[in-house]
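Visitor: Okay, handing you the structure first.
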Amino acid sequence: MSKQSQVAQNKIVESINPQLLAELRKVPILSSLKDDELHCVQGVGDIHLGKDEFLVRQGEAAHFFWILLEGEIRVFQTQSDGHEGTLYTMESGNAFGELPLLANIPNGVNLKTTVPCHLLQLDEEQFWSLMTSCPQVRKAILANMAQRFQKLQSMTLQQEKMASLGTLAAGLMHELNNPGAAARRAAQQLRENLMRMHDLSVKFKEVDLTKEQKHCMVDLQKQALAAKQPLMMNSLEQSDAEEALAQWMEAANIENAWKMAPTLVSIGMDAKELECARSEFAGPLLSDALSWLEAMISSMQLVGTIEESIGRVTDLVRAVKSYAYEGKGLKQSIDINDSIHATMIILAHKLREKEIVVEKNFAPNLPPLRSDCTGLNQIWTNLLDNSIDAVSQHGHIRVRTWAERKAGQTDDSHADLCISISDDGVGIPLESQPLVFDPFYTTKPVGVGTGIGLGIVQRIVEQYGGVIRFSSEPGNTEFVVRLPSDRV
């Protein structure tokens, strides 16, 4: 409870005078009561706050119910970065504070006056007395709570969507940067190679090559073009091969021997295969011939790098499309494995930052998920994001999918789809486990996270007709989602 409200509690409503009666008549939840029934507000706190004073702060325990007789109060949340997001403002006549009292949860918002305010304050005992002694007031309070809860759920769902959008944007930034930078470097090197090959071609034009020299160059060129990608060698083998070839080239007085050797070795060339060039080309012409060959091999590899980079961008665009457009209110068939894989691509930068080992065990030939619901990717985003936050550097996350037949089923066409996401992180404290799916509950400090992730996950899972269960202990936390494969 904030200091201002604690000080103001000393003033008590001892009797209802005509002025207070007129103000109470403006309060919707009390408007139906007769004058002699308004005794329910006798003995409650009478609070006067100045402008820009806190009534309650986000994260504080809930102890009071208020009736705003005069003034205006801003309702806002403080984000982890310190940013304040205004949810709405309350004007005179509003009664509030019942939601955290009835749900037994901390205050999820800040309440701050925008102008001088006059309020009535009921402690917990007075609130419950009001609820039991005045049925009409109780009905109005519960109706208010239902409306406010629905509004808050709608706003928090929108916040969750914006958080997912932020995750998507961050993933795009990181994932597009790497292949984009690789393609740009490759293009620059390719341009340098083409200029070098052009200069060497001009030199060859001024020399009358023999038939044998031409055959040798053609044979080497064929070998270079036949290599689709660099050979896979361990570090020691590669180092030894590069050193041996560089020494041979140096002995043949070839320029830039140590620079060209790694490229030639990458497609399996050694001194024996270059003997034809050494026997056919004399002096500086040998250096030019091997430089031209190295430029061609390097160019082919750079084209492969560009193709791979573009392929990664294409895969990312496909994943983003799957992530962003999954659902949309039309019944469709969704491949669960593809859906999870698309989300993992979006979160790949976070996995790399902590060097997390991801073990995937996707069952083949799973029946598609047929549904017109939306938000499936939010399930995977929340569960994976929580696991990433929970594990330490070099931690492990395991993702597994399988189909489970119902009693009497003989095939998997209408089986339940099961998805397990587990990690070796610190685990969920035992005292917190019964509350993890509660709306707005969080074990994080005030302003860090919204506490709505798992609540939203459970709601989306239930929209699909499924269930979510979990188990947790230090070093092993597992969430299992079970979805019927066919649900309208």
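Visitor: Students often check this: by mean Cβ neighbours within 10 Å, which of 129-141, 187-199 ranks highest, and how do the rest follow?
Guide: Highest-to-lowest ranking by the protection proxy: 129-141, 187-199.
Visitor: Separate question: Which ³J(HN,Hα) values, rounded to whole Hz and listed in residue order, are derived for the range 210-220 from phi using the Karplus coefficients 6.51, -1.76 and 1.60 in 6.51 cos²θ - 1.76 cosθ + 1.60 with θ = phi - 60°, glycine and proline given as x?
Guide: For the range 210-220, the Karplus-derived couplings read 6, 4, 5, 4, 5, 4, 4, 5, 5, 4, 5 Hz, x marking Gly and Pro.
Visitor: Convex hull volume of the Cα atoms in the range 221-302, per residue, in Å³?
Guide: 82
Visitor: Report the normalised scattering of the range 63-129 as log10 I(q)/I(0) at q = 0.12, 0.14, 0.18 Å⁻¹, calculated by the Debye formula with identical scatterers on the alpha carbons.
Guide: Scattering profile of the range 63-129, log10 relative to I(0): -0.33, -0.45, -0.72.
Visitor: State which entries of LYS34/LYS139; LYS26/LYS112; LYS26/LYS151 exceed 18 angstrom in Cα-Cα distance in the structure shown.
Guide: LYS26/LYS112; LYS26/LYS151, as the Cα separations exceed 18 Å there.
Visitor: What are the residues whose amide H is under 5 Å from the amide H of GLY43, where those residues sit 5 or more places off or on another chain and H is modelled from the backbone?
Guide: VAL13, GLU14
Visitor: Under a plain spin-label model, where a point goes 7 Å from the Cα along Cα-to-Cβ, how far apart in nm are ALA271 and VAL303?
Guide: Calculated label separation equals 3.2 nm.
Visitor: Here's a follow-up. Could you name the aspartates and glutamates whose alpha carbon sits less than 13 Å from that of LYS354, not counting residues in the same chain fewer than 8 places away?
Guide: ASP385, ASP389
Visitor: For the range 337-432, report the % of Cα-Cα distances exceeding 16 Å.
Guide: Summing the P(r) of the range 337-432 above 16 Å gives 61 percent of all pairs.
Values quoted throughout were computed directly from the atomic coordinates according to the rules given, and no laboratory measurement underlies them. Since the structure is predicted, the reported quantities are computational estimates derived from the model, not experimental observations. Please note: Cβ atoms are built from the backbone with ideal geometry, for glycine as well, and neighbour counts cover all protein chains shown.
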